[in-house]
Amino acid sequence: MIRVVLAEDQSMVRGALASLLGLEPDIEVVGEAANGDEAVAVAEATRPDIALLDIEMPGRDGIAAAEELRRRVPGCRVVILTTFGRPGYLRRAMEAGAVAFLVKDSPARDLAAAIRRVLRGERVIDPGLAAAALSAGPNPLSPRERDVLSAAADGSTINDIALRLHLSEGTVRNYLSAAIQKTGARNRIEAVRKAQAQGWL
């Protein structure tokens, strides 16, 4: 049996996925989680073959959970299943150790097939998303620019961001200016929106 842990914050979607996978003769859902922190804890307890993770969850998201699973449960392969087919998400997920990236509007039978392929050692990536990621290129933002732009997403002032990230106000302004330039935005609000749309944050 292929042992799967499923992490999805929407309980109805999580239940539907568990039911669908439960119909497969060779797949067993051995644990469920509503966020990334729970996913890591459940995977540590059950030692599954596959962790099926949503990206956008409260607390630790699916990409951060994938990175943590790579350290704590190295035998577990991570499959990302998301509504948000953003090129930047794909790149970040692969860098975090995910071996498959599927969008939720794929046919249900594709999910079980992808799980089997991953167990055989293959990488499985939604073809449309792979093409979009290649054409989009790498994330132009440095880790610190991403931190500052993420902190600006809720409308925080320069002073608030500086205090939160332990930076000077001048440094925050410099990082925001660089992020605005790299995203081709007119201001930081637009820079946040563009970066989120690409999956860079």
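Since every read-out is calculated from the coordinates, none of them should be taken as a lab result. The structure displayed is predicted, hence computed values, not measured ones. Here the Cβ positions follow ideal geometry from the backbone for every residue, glycine too, while neighbour counts run over all protein chains shown.
Regarding region 143-198, what's the average projected area of the Cα-atom convex hull, expressed in nm²? If you can, show how the numbers build up before the last one.
Working: hull surface 13.1 nm².
The number I arrive at for region 143-198 is 3.3 nm².
Determine the relative contact order of region 1-132: mean sequence separation of Cα pairs under 8 Å and six or more apart, normalised by residue count, in whole percent.
Normalised by residue count, the contact order of region 1-132 is 21 percent.
Quick one: divide the alpha-carbon radius of gyration of the chain by 2.2 N^0.38 Å and tell me what you get.
Scaled against compact globular proteins, the figure is 1.10.
Which one, Ala65, Leu111, Thr183, is farthest towards the positive end of the dipole of the chain when Lys and Arg carry +1 and Asp and Glu -1 on their Cβ?
Thr183
Considering only DSSP beta bridges with both partners in region 2-134, what is the antiparallel share in %, to the nearest 5?
Around 0 percent antiparallel, to the nearest 5.
Considering only the other residues whose Cβ falls under 14 Å of the Cβ of Pro74, what net charge follows from Lys and Arg at +1 and Asp and Glu at -1?
+1
Classify region 39-158 from the C-alpha gyration tensor, please: rounded if a/c falls under 1.5, else prolate or oblate depending on whether a/b exceeds b/c. Display every interim value, and only then the final one.
On the way: a/c = 2.04, a/b = 1.36, b/c = 1.50.
The shape class here is oblate.
Treating only the Cβ of Lys, Arg, Asp and Glu as charged (+1, +1, -1, -1), what charge dipole size does region 2-134 show about its Cα centre? Round to the nearest 20 debye.
Numbers: 17 positive and 20 negative charges, 94 e Å.
My answer is approximately 460 debye.
Residue separation times 0.36 nm, minus the C-alpha to C-alpha distance between Glu44 and Ser142: what's the value?
32.1 nm
Provide the gained length on full extension for the span Glu28 to Asn159, in nm with one decimal, where the gain is 0.36 nm per separating residue minus the Cα-Cα distance.
42.1 nm
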